[in-house]
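The next block holds one structure in the form of structure tokens; read it before the comments.
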Amino acid sequence: MLATAAKCLKQQQQDGKALQWASEEMKGDRELCTAAVAQDGHALEFVSAEMKGDRALCRAAVAESGTLLKALPEEMKGDR
């Protein structure tokens, strides 16, 4: 499993949208999701529901792609 996680992390660093093919468990992994949205903010679409509620992850996604701001929950839109 560790080798799979390392390989998946490397893929996310190269293509964030590759997260769509990751296991549900990996879609909830903070390190993996952070790597994915840092590479492509739109990878936020593929993270677990729990991770979509993570303010730091959402901020990282918006930092990479400002157009995602409109897709955030209202309570996060005012965050700085």
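The values are calculated or read from the model by the stated rules, or taken from the named source; none is laboratory data. All values reported here derive from a predicted model rather than from experimental measurement. Glycine also receives a Cβ, built like all others from the backbone with ideal geometry; neighbour counts cover every protein chain displayed. When the accessible area is computed, the model is the full protein with side chains, heavy atoms only, and any ligands, DNA or RNA have been set aside. Shrake-Rupley method; radii C 1.70, N 1.55, O 1.52, S 1.80 Å.
Please go through the range 20-57 and pick out each residue that is touching a Gly at 6+ places or on another chain (Cβ under 7 Å), in a helix (DSSP H, G or I) and of a type in the set (S, T, N, Q). Result: Gln39, single match. Scanning the range 43-73 for residues that are open to solvent by 70 Å² or more (accessible area, probe 1.4 Å) and under 9 Å from the mean Cα position of the chain (by Cα), we see that the one that is nearest to Gln13 (Cα to Cα) is Glu45.
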